[in-house]
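Down below is the structure, laid out as structure tokens.
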Ligand SMILES: [Zn+2]
């Protein structure tokens with residue numbers, strides 16, 4: 001399979017892991033980088049897997065949902081009270097799990113659906129790498 005990849009660097013947002021016994025339970029932020037790898041059933045008329053110039057909807061999704069947001073896990077017991085008390089301080093975004101692994105799975109699903117819709121199911125996501133700052137990253141690739 002031939003693939004191509006695009007990088008969306010330095011997107012700041014916060015998160016926390018409510019069950020963590022250490023400092024990851026505290027709300028904290030990272031500059032996140034998303035490296036998206038695309039595959040396709042056949043190349044387009046230009047010989048591209050995807051046309052990088054036609055992916056503005058992915059950048060817009062990140063801007064709308066994650067840029068300067070606070071990502072909460074669905075089961076975070078402090079989420080509702082925090083958002084009720086300080087609605088002006090949060091751009092909340094809720095996903096099943098707020099770890100980097102959870103972010104990778106969630107964004108993979110969202111991006112895969114968008115890419116399939118915009119390409120008539122010709123192209124799709126193969127892998128998503130999510131970097132927390134510059135030291136740690138996770139990679140999600142469906143089995
Ligand atoms: Zn973190």
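Every number in this text was worked out from the coordinates using simple rules, so none of it is lab data. Just so you know, these numbers come straight off a predicted model, no measurement behind them. Backbone-built Cβ (ideal geometry, glycine too); neighbour counts: all protein chains shown.
Things to note:
- Segment residue 24-residue 2, extension gain: residue separation times 0.36 nm, minus the distance between their alpha carbons: 4.2 nm
- Compared with the dominant principal axis of the Cα atoms in the chain, helix 100-118 is inclined by about 40°.
- R0 of 35 Å, Cβ-Cβ distance residue 86-residue 59: FRET efficiency to nearest 0.05: 0.80
- Shape analysis of segment 82-143 places it in the oblate category; the axes a ≥ b ≥ c from the Cα gyration tensor give an a/c of at least 1.5, with a/b not above b/c.
- Residue among 29, 47, 39 with the largest mean-square fluctuation in a Gaussian network model of the chain, springs linking Cα atoms under 10 Å: 47
- The chain: C-alpha pair distances exceeding 27 Å, %: 25
- Segment 79-143 and segment 1-17: distance between their alpha carbon centers, rounded to Å: 9
- Helix 56-65 axis, angle to the chain major axis (alpha carbon atoms, nearest 10°): 10
- Dividing the alpha-carbon radius of gyration of segment 38-121 by the rule-of-thumb value 2.2 N^0.38 Å gives 1.39.
- Taking the chain as a Gaussian network of alpha-carbon nodes connected by springs under 10 Å, the highest mean-square fluctuation of the residues 118, 88, 68 belongs to 88.
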